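To start, the structure under review is shown below, and the notes come after it.
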Amino acid sequence: MSKVSMPGPPPAPPMPPRPANPGTAALRTPGADPAQLAKAAQDFEAMALGELLQPMFNTVDSAHGLFGGGDAEAAWQPMLVQEMAKQIAAHGGLGLAQPIYREMLRMQAAKSK
């Protein structure tokens with residue numbers, strides 16, 4: 001079976017690498033580091049993915065699963081969902097981080113004028 005390739009939007013410019021110790025304080029200062037903006041955009045995408053994934057996990061009947069659910073599973077499940085969302089976002093996700101990053105750069109440029 002052969003695959004048919006569909007034309008898509010042009011590729012966005014690559015986001016810069018993450019800094020060693022990123023923080024959101026850069027978003028409050030003029031002239032924020034592009035790497036910190038990229039990290040914030042990716043974190044936002046991970047948060048949005050987590051919000052999309054959480055209802056899926058809420059519908060699973062874990063009481064009949066291998067470990068039987070319980071209070072411990074209920075406590076750890078949000079962390080599992082959050083980490084899954086971070087991994088999905090780190091590997092391309094839904095493609096939200098790139099346009100958010102570009103918009104943050106545009107807003108930063110407009111603010112500095």
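Here, each number is a calculation from the coordinates, and none is a lab measurement. Everything quoted here is computed from the prediction, not taken from an experiment. Backbone-built Cβ (ideal geometry, glycine too); neighbour counts: all protein chains shown.
How many of the residues making up the range 54-113 are among the small types (G, A, S) and in contact with a Phe, Trp or Tyr (Cβ under 9 Å, 6 or more places away or on another chain)? Walk me through it before giving the result.
Step one: list which residues in the range 54-113 are among the small types (G, A, S), which gives 62-63, 65, 68-70, 72, 74-75, 85, 89-90, 92-93, 95, 97, 109-110, 112.
With in contact with a Phe, Trp or Tyr (Cβ under 9 Å, 6 or more places away or on another chain) added as a condition, the list becomes 89, 97.
Result for the range 54-113: 2.
Residues in the range 75-97 that are more than 12 Å from A48 (Cβ to Cβ) and touching a residue at least 40 places away in the same chain (Cβ under 8 Å): 1 in all. Kindly establish whether D43 is among the charged types (D, E, K, R) and over 26 Å from A32 (Cα atoms). Judged against the criteria, D43 is not a match.
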